[in-house]
Amino acid sequence: MTTALLISTYNRPAAQRLCLDSVLRQTLMPDEVVVCDDGSADETRELLRSYADHFPVPLRHVWHPDDGFRLAEIRNKGIAATDADYIIQVDGDVVLSRHFVADHVAASKPGHYIKGTRIRLNAAATAAFEQTGQWTDFITPFSRALLKDREKAVRLPRFLAVPLSHRYHRTGTGLGVNLFFWRADLLAVNGYDEDFTGWGGEDNDLEQRLQASGVRTFKLFRCGLVYHLWYPEKSNPHHAESMALIKSKIEAGRLRSERGIDRHKSL
């Protein structure tokens with residue numbers, strides 16, 4: 001099984017640096033890393049060039065011009081750019097725990113996609129990490145760096161975490177910041193629906209179509225940890241519009257995205 005780590009990013013190079021450094025610390029490296037860039041300025045491009053020369057696996061930069069929030073489209077372009085069997089999807093403002101990739105490979109299961117979770121950091125800790133470019137691997141449930149959900153910072157040994165994950169709750173929506181798919185399952189539904197522009201809705205829609213096509217899911221339990229750097233929370237102005245679009249497409253019974261991965265096969 002080959003693995004590709006897809007990292008979505010937009011104009012946050014300090015966070016992207018921390019994310020890439022955490023990839024370099026993995027106990028099991030992915031076979032390639034694809035940075036899906038929704039129109040960042042040149043600073044991100046130069047950062048990735050500086051890493052590509054010494055990265056131990058291929059590091060690819062898939063970019064399109066900044067024309068508003070087009071996360072669904074840039075993720076599809078990233079998926080089209082890899083032939084890996086297994087797609088591990090994260091955002092560029094997370095730091096991966098050392099066993100992140102190994103945990104997800106161990107938990108992978110045919111016919112399933114996996115929903116991960118996140119450990120949110122507070123503003124002060126995030127500012128310090130981004131300013132210094134230094135990360136600590138010693139974050140515990142008692143760390144002052146955590147914003148909330150402290151129990152999520154506990155990682156169980158893999159021989160416990162994986163069986164518990166396979167039996168853990170299978171309802172609820174996953175977070176695009178931490179999702180895992182078999183590439184064949186994504187191709188079967190033609191990936192993300194690029195009718196979704198603006199923030200929100202694209203992940204929920206993809207999950208609905210995967211489940212309707214027979215792909216099951218489970219949520220990781222105390223493994224595959226990511227630390228989400230702080231960002232200012234705001235309400236989603238597109239929520240009602242996105243939910244209405246999802247509902248209309250479900251009612252129409254469509255499983256494949258009409259505007260999806262197959263638009264980018266030449267990448």
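The values are calculated or read from the model by the stated rules, or taken from the named source; none is laboratory data. Bear in mind that the values here come from a model prediction, so they are computed numbers and not experimental data. No Cβ is skipped: glycine too gets one built from the backbone with ideal geometry, and neighbour counts run over all protein chains shown.
Taking the criterion of being over 17 Å from GLN208 (Cβ atoms) and modelled with pLDDT under 80, the residues of the range 248-267 that qualify are LYS265, SER266, LEU267. Scanning the range 1-12 for residues that are surrounded by fewer than 19 Cβ atoms within 10 Å (Cβ to Cβ) and either without any contact (Cβ under 8 Å) to a residue 60 or more places away in the chain or under 19 Å from THR126 (Cβ atoms) (or both) yields one hit, ASN11.
I need the strands (runs of 3 or more DSSP E) fully contained in the range 1-94, keeping only those with at least 2 residues that are within 15 Å of the chain's Cα centre (by Cα).
Correct list: 3-9, 32-37, 86-91.
So how many residues does the range 19-44 have that are of a type in the set (Val, Ile, Thr) and surrounded by fewer than 17 Cβ atoms within 10 Å (Cβ to Cβ)? So the answer is 1.
Checking each residue in the range 110-120 for being closer than 14 Å to HIS228 by Cα and buried (at least 23 other Cβ atoms within 10 Å of the Cβ) picks out GLY116, ILE119. With respect to the conditions (1) over 25 Å from ASP83 (Cα atoms); (2) at pLDDT 85 or above; (3) part of a helix (DSSP H, G or I); (4) among the aliphatic types (A, V, I, L, M), LEU210 lacks only one, and its number is (1).
Whether any residue in the range 128-140 is buried (at least 18 other Cβ atoms within 10 Å of the Cβ), at pLDDT 95 or above and in a loop (DSSP other than H, G, I, E, B) is what I want to check. No, there is no match, as no residue in the range 128-140 is buried (at least 18 other Cβ atoms within 10 Å of the Cβ), at pLDDT 95 or above and in a loop (DSSP other than H, G, I, E, B).
Whether any residue in the range 191-203 is among the polar types (S, T, N, Q), in contact (Cβ under 8 Å) with a residue 60 or more places away in the chain and not in a helix (DSSP H, G or I) is what I want to check. Checked the range 191-203: at least one residue is among the polar types (S, T, N, Q), in contact (Cβ under 8 Å) with a residue 60 or more places away in the chain and not in a helix (DSSP H, G or I). Of all residues in the range 163-179, those satisfying the criterion of being within 21 Å of the chain's Cα centre (by Cα) and either farther than 30 Å from ASP83 by Cβ or at pLDDT 95 or above (or both) are TYR168, HIS169, THR171, GLY172.
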